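One structure is given below, encoded as structure tokens.
Nothing in this text is a laboratory measurement; each read-out follows from the coordinates by a stated rule. Since we're looking at a predicted model, the values are computed, not measured. Here Cβ is always computed from backbone atoms with ideal geometry, including for glycine, and neighbour counts include all displayed protein chains.
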2 protein chains.
Amino acid sequence: MTKGNVAAPAPHRTPPEHVHPRDVALETALAALSDPVRLALVRELAAAEDWERTCGSFDVPVRKAALSHHFAVLRSAGLIEQRDAGAKRINRLRRAEFEERFPGLLALVLRQQEAGGGPRPRG
Amino acid sequence: MTKGNVAAPAPHRTPPEHVHPRDVALETALAALSDPVRLALVRELAAAEDWERTCGSFDVPVRKAALSHHFAVLRSAGLIEQRDAGAKRINRLRRAEFEERFPGLLALVLRQQEAGGGPRPRG
DNA sequence: CTACGTGTTCGCCTCGCATCGAACAGTCTA
DNA sequence: TAGACTGTTCGATGCGAGGCGAACACGTAG
């Protein structure tokens, strides 16, 4: 029964549901940014123009399914906006709105490139 | 494994191991602050004087074991410093050091009290 | 139409996290 | 010394997050 008739629910090419940063809890925002993959996505997105990058164009070590999930998390955290452009889906970082809701957070994330693994000249 | 009948492992009243904020990765800091319980701890701690609050004096809905775990996480994230004072353990928020490592983050967390789930008197 | 490319959803699996109760080690008090 | 109190560690548990492959839908190119 695992197969046979799938019944075709198929809520597929539905327009992406967005959440405004102002409706996002602090915990949600922090959790969204505490994942390395999502952090990479946000940073790459920040280094590009709005609507320039498609979902599949990011250099992250996960497959399509996981990638799609991460984009959904970023949407739910009010961090990105997505739009369908033909067969592709293009993205935009919500700089202004997110900054207004969580002042300094995005800047902090974009500034801090690496940390914690550095040299430790200490005894 | 590594169990059975250990004679006296008991690394108990060992002095708390601290991690300096400068050795903390951004992901670690964000993950530490993305938990509601830890967020409450940090906020309560921020509202008190240094070394004023003991571990058991916080108003959080978890038992001792979980509480101890959360304090360990906060230590590992460079957010707090602990010191033994008799039978109790007293805490201090590492405001300055953490602020230096992650400018604006602690302030943001302390400023934003609630969000996302609250009433929305707008519209 | 057929084939391909893009991205979402589903089912499944694996980990890690948060939590608890219990046991234990200290400290302070009676 | 006995007992109360504080906090850590252990072991087990429940649950959610993150990962993958497969199937599917939609758009585009041939």
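Place the label 7 angstrom along Cα→C-beta at residue A:99 and in each other copy, then list the distances from the first to the rest in nm, shortest first.
Distances to the matching label points in the other copies: 2.3 nm.
Give me a comma-separated list of calculated 3J(HN,Hα) values for segment B:77-88, in order, Karplus coefficients 6.51, -1.76, 1.60 applied at θ = phi - 60°, integers in Hz, x for any Gly or Pro.
8, x, 8, 9, 10, 10, 8, 7, 10, x, 7, 9
Shortest first and in nm to one decimal, what separations exist between residue B:46 and its copies in the other chains, measuring from label points 7 Å along the Cα-to-beta-carbon line?
Its label point is 2.0 nm from the equivalent points in the other copies.
Can you classify segment B:53-98 as rounded, prolate or oblate using the Cα gyration tensor, where a ≥ b ≥ c are the square roots of its eigenvalues, rounded means a/c under 1.5, and otherwise it's prolate if a/b beats b/c and oblate if not?
Oblate shape, in that a/c is at least 1.5 and b/c is the bigger or equal ratio.
Using θ = phi - 60° and the Karplus relation 6.51 cos²θ - 1.76 cosθ + 1.60, list the HN-Hα couplings for segment B:42-54 in order, rounded to whole Hz, with x at every Gly or Pro.
Using θ = phi - 60°, the values come out as 4, 5, 5, 5, 5, 8, 10, 6, 4, 6, 8, 9, 8 Hz.
Using Cα pairs under 8 angstrom and six or more residues apart, how large is the relative contact order of segment B:21-111, in percent? The partial results should precede the final answer.
Working: 101 pairs, mean separation 32.8, N = 91.
For segment B:21-111, the relative contact order is 36 percent.
7 Å along Cα→Cβ for the label point: how many nanometres lie between residue A:22 and each equivalent label in the other copies, listed shortest first?
So the distances to the same position in the other copies read 4.1 nm.
Using amide H atoms built 1.01 Å from N in the peptide plane, name the residues 5+ places from residue A:80, or on other chains, whose amide H lies under 5 Å from its own.
So residue A:80 has HN proximity to A:75, A:94.
Which cross-chain or sequence-distant (5 or more) residues have an amide H under 5 Å from the amide H of residue B:34, H modelled 1.01 Å from N in plane?
none
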